[in-house]
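Written out below as structure tokens is the structure these notes cover.
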Protein chains: 2
Amino acid sequence: MTTVSRILEPEWIATATREAPLLDRHSVAIAGDRIAAIGPRAQIRARHPDIEPVALAGHLLIPGLVNLHTHAAMSLLRGIGDDLSLHRWLQERIWPTEGKLVSPSFVYDGSLLACREMLLGGITCFNDMYFYPEETARAAALLGMRARVGIIVIDFPSAYGTGPEDYLRKGLALRDRHLDDPLIGFCLAPHAPYTVGDDAFRRVATIASELAMPVHVHVHETAEEVSQSLAQHGRRPLQRLCDLGLLGPEVIAVHAVCLDEHDLALMQAHNVSVAHCPHSNLKLASGIAPIARMLDAGLNIGIGTDGSASNNRLDLIDEARTAALLAKGASGRADLWPAAEVLEAMTIGGARALGMEKQIGSIEAGKQADLVAIDMNATELRPVFDPISQFVFAGGREHVADVWVAGKHVVHKRQLLDSASSGKLAEVVSRIGVWQNRIDEILSS
Amino acid sequence: MTTVSRILEPEWIATATREAPLLDRHSVAIAGDRIAAIGPRAQIRARHPDIEPVALAGHLLIPGLVNLHTHAAMSLLRGIGDDLSLHRWLQERIWPTEGKLVSPSFVYDGSLLACREMLLGGITCFNDMYFYPEETARAAALLGMRARVGIIVIDFPSAYGTGPEDYLRKGLALRDRHLDDPLIGFCLAPHAPYTVGDDAFRRVATIASELAMPVHVHVHETAEEVSQSLAQHGRRPLQRLCDLGLLGPEVIAVHAVCLDEHDLALMQAHNVSVAHCPHSNLKLASGIAPIARMLDAGLNIGIGTDGSASNNRLDLIDEARTAALLAKGASGRADLWPAAEVLEAMTIGGARALGMEKQIGSIEAGKQADLVAIDMNATELRPVFDPISQFVFAGGREHVADVWVAGKHVVHKRQLLDSASSGKLAEVVSRIGVWQNRIDEILSS
């Protein structure tokens with residue numbers, strides 16, 4: 001058994017558990033990559049008299065945030081298609097640009113920039129969907145982040161692959177190479193009902209079942225998607241996925257904006273999780289997901305930023321605040337989704353969706369030490385009447401002071417710690433201008 | 001004529017004018033409290049060879065932000081009533097606490113903390129409504145901010161006054177003492193249709209007309225307010241204000257969430273401005289203001305944070321992003337309210353509502369030098385395809401680097417500059433714990 005090497009002494013701990021959501025003047029003992037114990041300060045100190053605790057006066061310790069849906073590589077495309085609908089955004093800006101640009105280096109550079117932004121904002125694990133997933137995995141690994149990298153499946157060819165079989169073959173081979181990786185795992189990522197055919201969905205369902213992998217799919221994002229499915233398949237997209245044998249607790253329904261009662265019942269019956277991405281849904285005018293109905297149905301909900309080309313911040317704290325406020329405003333129920341439950345969606349809800357709820361998502365003994373210290377000493381956060389509510393409704397990523405992933409201290413005083421990775425990151429930053437020139441050329445041609 | 005004393009050389013200038021919304025590699029020359037000239041860098045340098053320009057490489061210069069509705073003093077009450085509806089929030093948390101707590105020192109301390117938060121977030125002018133307005137004026141003056149301080153009118157007595165006549169008498173006397181104040185001005189602030197009687201509204205209308213003052217009133221915030229007015233007055237609130245002679249271009253309708261076609265037509269006919277406060281409206285489950293209809297009707301719209309007890313951030317950049325996204329999502333029109341127009345709402349829209357559009361709200365020669373430099377060098381803001389869109393959709397108050405009010409440099413490198421005020425601010429910060437104890441006692445009694 002690994003011995004305790006570090007003790008954190010925050011002012012408060014938001015555990016993201018129902019039993020004891022908020023602990024006051026407790027400490028967390030870390031052994032290797034795990035949380036060894038949580039207990040009253042004096043008790044933890046007495047057990048480990050030789051360890052000098054890390055003082056986090058006035059800080060709120062929360063579980064590492066889980067970004068349940070993003071396309072990290074797209075950070076290089078941030079802002080190329082603002083103020084456009086999903087259809088025009090995809091057809092006129094994103095797909096033409098991606099068609100000419102997507103390459104291993106584009107994915108690596110964009111993903112590394114996204115990982116930097118996410119980690120500094122308290123995100124310790126993200127669920128991704130994009131081409132060249134090996135490059136996104138490499139970027140996450142460089143910064144010491146946890147990731148579930150999507151094995152993309154889409155009917156059209158790209159520079160990365162020729163079609164569904166090729167995408168699956170490459171993705172599964174990549175997964176094999178990472179089987180013992182403590183930080184990088186994989187999910188199946190069929191793009192969407194309007195870009196993936198029945199055969200490919202059936203293959204995904206089979207593999208998901210055989211390998212017990214999560215399935216990450218955009219679904220019911222727009223009314224257009226639903227009507228197109230009705231016209232083409234005679235069924236709404238969720239019913240079609242159900243008929244293809246795909247629905248189950250391993251499915252993460254990304255967006256899930258346009259839902260009727262039958263759709264909600266299907267999701268409930270199959271215990272599907274939701275990746276709620278309110279900024280993207282609003283920005284592309286897709287609509288407002290029926291969070292009140294989902295909560296009433298007992299669905300598991302996580303929060304996603306989506307890619308930075310449609311959001312445009314990879315900021316889960318900002319995203320979750322909007323989610324919380326929007327749920328109240330759209331339902332007319334001010335008491336809906338109180339702050340402590342929103343914090344659950346940002347952490348254990350995302351972890352559960354990814355099948356990782358035994359490893360991450362809450363601060364409990366035995367779990368991975370993925371931890372974020374929020375500096376509640378900031379004058380604009382004082383006085384503090386309820387630390388969790390203050391964090392959710394008034395906090396921001398500017399208050400993320402320290403981050404640990406698997407017990408490793410990766411952010412301190414709002415800066416990345418690892419000097420080895422910082423050199424490589426600086427190289428990528430120096431290339432941003434080159435990418436911008438190439439994108440400008442494509443957009444003006 | 002004052003001579004030019006400072007030249008700013010940002011990468012871009014977002015002017016908040018329709019003629020030239022974005023200027024590239026232009027400079028701003030400041031003389032005293034005013035913008036003396038704007039022109040291409042070389043031209044401005046040639047005109048003033050003796051002045052060393054302030055280099056703002058990679059920065060976007062924007063007009064100082066105008067927070068069109070807040071209750072600055074309430075920052076001490078932030079978080080005491082989260083996850084409650086407006087009615088319960090007011091009746092169970094805010095009014096009982098205020099009843100026991102409101103005093104000159106409560107208003108001064110709370111307002112000073114709010115001014116600090118606003119100024120560091122790029123807000124150079126705010127429109128306020130609260131008791132003891134002289135204390136809010138004093139707080140704003142200490143930090144060198146511009147403010148329009150509300151002369152509150154409310155039918156019930158408070159520690160500050162006995163009723164409408166007393167509130168008006170005290171407020172107008174305060175106004176007289178500030179007639180020559182370059183930064184502090186006043187507006188009439190009848191609280192709301194459900195807390196102000198017909199006589200008081202008539203008095204407000206008369207004074208507003210005689211003294212040419214803006215009128216700042218919560219109106220049509222909730223469905224309950226509208227139905228109560230129908231029951232009590234046989235008319236919807238806006239119609240009642242109209243019948244009392246109050247509607248006109250000097251009126252700032254705060255919230256304006258629950259509007260029918262007739263309400264919108266009234267606002268359009270009388271050229272009423274809107275103070276849109278989406279976070280507060282969502283958080284208290286009041287609803288979503290019909291921004292698309294307001295824009296179609298050509299109404300002037302500004303953005304307000306509301307007080308930090310109902311928001312809970314005095315962050316106009318975050319507020320405006322939500323406003324922009326929500327307008328698209330709620331209307332189904334992704335092209336509605338593009339970023340440049342949202343920036344106008346944050347600046348010249350607010351200025352126009354306050355009757356200050358000739359002094360502030362845009363970057364034009366002759367106007368007051370209220371300016372904010374946004375640091376777009378931040379890695380998470382690169383590449384930059386459209387600086388205004390990048391600021392609105394991806395920027396945050398963490399990117400506010402420098403702020404000038406009336407030509408005075410008040411924020412540099414994210415820190416308040418004035419050492420004289422910083423001592424007084426530190427005293428107030430040291431008292432936050434005392435306030436917290438008193439509020440805890442009241443809430444637990």
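Quick look at the numbers
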| item | result |
| --- | --- |
| A:TRP95/A:ALA212 FRET efficiency (R0 35 Å; Cβ-Cβ; nearest 0.05) | 0.60 |
| Inter-copy separations for A:SER445, label at 7 Å along Cα-Cβ, nm, ascending | 7.3 |
| Partners for B:LYS367 among lysines (Cα-Cα distance below 23 Å; same-chain residues under 8 apart left out) | B:LYS358, B:LYS408 |
| Other-copy label distances relative to B:ILE51, 7 angstrom Cα-Cβ extension, nm | 5.9 |
| Under 5 Å, built H, 5+ apart or other chain: amide partners of A:GLY58 | A:GLU11 |
| Mean ellipticity per residue at 222 nm, deg cm²/dmol - from DSSP H runs of n ≥ 4 across the protein assembly as shown, formula -39500 (n - 2.57) | -11500 deg cm²/dmol |
| Inter-probe distance in nm under a simple model that places probes 7 Å from Cα toward Cβ, at A:ASP24 and A:ALA46 | 2.0 |
| Positive-end residue, chain B charge dipole about Cα centroid, Cβ charges, pick of B:GLN268, B:HIS59, B:ALA192 | B:HIS59 |
| Antiparallel content of DSSP bridges confined to chain A, in %, to 5 | 45 |
| Proximal charge balance of B:TRP95 [Cβ under 14 Å; K/R count +1, D/E count -1] | 0 |
| Largest to smallest principal axis extent of the C-alpha atoms in region A:92-133, angstrom | 33, 21, 15 |
| Per-residue ³J(HN,Hα) for region B:228-240, Karplus 6.51 cos²θ - 1.76 cosθ + 1.60, θ = phi - 60°, Hz, x for Gly and Pro | 5, 5, 4, 5, 8, 10, x, 8, 6, x, 5, 5, 4 |
| Per-bin percent of Cα-Cα distances, the protein assembly as shown [10 Å] | 2, 13, 22, 25, 20, 12, 5, 1, 0 |
| Cα-based shape type of region B:65-353, given that a ≥ b ≥ c are square roots of the gyration tensor eigenvalues and the cut on a/c is 1.5 | rounded |
| Using alpha-carbon coordinates, inclination of helix A:419-444 to the longest axis of chain A, degrees | 30 |
| Sequence-distant residues sharing a close amide H with A:ARG34 (under 5 Å, placed H) | A:ALA369 |
| Förster radius 45 Å - calculated FRET efficiency between A:ALA420 and A:HIS87 (Cβ-Cβ, nearest 0.05) | 0.55 |
| Normalised per residue, the volume of the convex hull around the Cα set of region B:110-248 (Å³) | 117 |
| Cα gyration tensor shape of region B:401-445, rounded if a/c is under 1.5, else prolate or oblate by comparing a/b with b/c | prolate |
| Candidate lysines - alpha carbon under 24 Å from A:LYS328, same-chain residues fewer than 8 apart omitted | A:LYS283, B:LYS283, B:LYS328 |
| Paramagnetic reach from A:ASP260 in region A:171-211 [backbone N under 14 Å; point 7 Å along Cα→Cβ] | none |
| Label distances, nm, A:ALA297 versus same residue in remaining copies, Cβ-directed 7 Å point | 3.6 |
| Proximal lysines relative to B:LYS170, as straight alpha-carbon distance under 23 Å, when same-chain residues fewer than 8 apart are discounted | B:LYS100 |
| Using θ = phi - 60° and Karplus 6.51 cos²θ - 1.76 cosθ + 1.60, couplings along region A:318-328 (whole Hz; Gly, Pro as x) | 4, 4, 5, 5, 4, 4, 5, 5, 5, 4, 5 |
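Read the figures in this text as sums done on the coordinates, not as results from a lab. Owing to the predicted nature of the structure, the values given are computational and were not obtained by experimental measurement. All Cβ positions, even for glycine, are placed from backbone atoms using ideal geometry, and neighbour counts span all protein chains on display.
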